[in-house]
Amino acid sequence: MLVQSKTIMPLNRFLPLVLSLGVVLYLYFSVSERAAIATGLGVALGISLYHAAFGFTSAWRRFLTDRWGAGLKAQIIMLAVVVTLFFPVLESGEIFGHRVGGFVNPAGIGVAVGAFIFGIGMQLAGGCASGTLFTIGGGSIRMVVTLFTFMLGSVIATINLPFWRSLPQLDRLSMVTLWGWELALALHFFVFLGLYLLVRKVEKKELISESDNLRQLPFSVRMTQGPWPLVLGGVSLALLNFIMLISLGHPWGVTSGITLWGGKLVTFFGADLSGIPYWKGSMSALDRSLFRSDSSATNIGIIAGAMSAAFLAGKFGKSQNMTVKGILTALIGGLMLGYGARLAYGCNIGAFFSGVASGSLHGWLWLVTALAGNFIGVGLRKKINF
């Protein structure tokens, strides 16, 4: 074993990463190239999410409660990078001879209600969709509970989808298609600049800078053990989302994979989903490998990547909240996350991040109503002293 120091780690810390890469190679040769790409990108996303501690939930909560703006500013930069990469490619509809398409969905009452419910669930559960996955990879048992009810909530929502889809909604609207990528990009940058300046004006100045202790860490240590600068985390997520677009033909999404896991779980216990419209076109997916779904494979990769990062940092399983209150909020929050995400065509990733990246109006509607839900969720956390 190597001598442990500030820059040299024991070899066993690399074991989860080696195993994760081994699984990716196995998938490439034994399952499909597509499964390997989706899982490999998930591993990279998991590492980025964990090392940057890039949580949408905590960033929004800390801004609402403490006026800490660094997390929101990193998200704004992330969005600026991703639309710059996405918009020209989406307008052409192809890259390197491969067809590509964004997540463009109707904006309506279902999206607004779903995002609002999801926003409350974020604060009760203590994580969003991507946050649930990467904290599970970091060894959080409580978030396993959240994931379980997330799956159930999303399956329950599939039963009610015909009602929510029947409510008033706008047609699918892509601002890239409507205005062209140049004008759409310029308008998005104008909005991002306004949001960035607003956050800077509102935030508490003494909370802007990173800790001096973090800045003094060697670069190699921060890259392998964390924490990464938030902006680096946001830019890496934007780049990986773009790589997914050009390699798999679509942006990053989380919810459909979790819904698939929930469908497999309830059918294992005897439920019949064949009569539900949502499942009629995808019953075969319930019988196939989890790695045959891009979203499912990526989600598995995120957990594996976050676990690899947690081991590299020597922090696996260090943070737990297994109180009765913690478990109850995980159960309720997870149900709200799953139900809300399914109504809103996705979560903070598929509906918001990739929705905005696709120039879809529903991504912006998701943001506004999810922030309102977060505001309520933060108030509920205070009331129950969580």
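Just so you know, all these numbers are worked out from the coordinates, no wet-lab data involved. Predicted model, so just to flag it, every value in this text is computed and none were measured. When we count neighbours, we look across all protein chains shown, and the Cβ atoms used for this are built from the backbone with ideal geometry, even at glycine.
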For Cα pairs less than 8 Å apart in space and 6+ apart in sequence, what is the mean separation divided by the residue count of region 11-383, i.e. the relative contact order in percent?
42 percent
Taking the Cβ-Cβ separation of ILE327 and ASN12 as r and a Förster radius of 30 Å, what is the calculated FRET efficiency to the nearest 0.05?
0.45
Membrane-span-like helices in the chain: DSSP H runs reaching 24 Å or more (Cα, own axis), mean Kyte hydropathy at least -1.0?
33-51, 70-92, 141-166, 181-202, 230-248, 294-313, 324-343, 361-383
Work through the residues other than PRO106 whose Cβ is under 13 Å from its Cβ and net out their charges, Lys, Arg +1 and Asp, Glu -1.
+1
Subtracting the Cα-Cα distance from 0.36 nm times the residue separation, let me have the gained length for ILE156 to LYS204 in nm, one decimal.
13.1 nm
Ascending count of other beta-carbon atoms within 10 Å, so fewest first, for LEU79, LEU248, LEU133:
LEU248, LEU79, LEU133
Toward the positive end of the charge dipole of region 29-149, about the Cα centre and with charges on Cβ (Lys, Arg +1; Asp, Glu -1), which of ALA80, GLN123, ILE109 goes farthest?
GLN123
Run the count for the chain, please: Lys pairs, Cα-Cα under 29 angstrom, 8 or more apart or on different chains.
23
What is the distance in Å between the Cα centres of region 72-113 and region 139-200?
11 Å
With runs of 4+ DSSP H residues as the only contributors, calculate the mean residue ellipticity of the chain at 222 nm using -39,500 (n - 2.57) per run, divided by the residue total and rounded to the nearest 500.
-22500 deg cm²/dmol
If the only charges are +1 at each Lys and Arg Cβ and -1 at each Asp and Glu Cβ, what is the size of the charge dipole of the chain around the Cα centre, to the nearest 20 debye?
1040 debye
Shape call for region 59-131, from the Cα gyration tensor axes a ≥ b ≥ c (a/c under 1.5 means rounded, otherwise prolate when a/b beats b/c, else oblate), comes out oblate
Peptides 111-121, 336-346, 265-275 ordered by average Cβ neighbours within 10 Å, highest first
336-346, 111-121, 265-275
Here the alpha-carbon Rg of the chain over 2.2 N^0.38 Å rounds to 0.95
Chain lengthening between ARG165 and LEU187 when straightened (0.36 nm per residue, less Cα-Cα):
5.0 nm
Separation between the MET283 and SER92 pseudo-spin-labels, each 7 Å from Cα along Cα→Cβ, expressed in nm?
4.2 nm
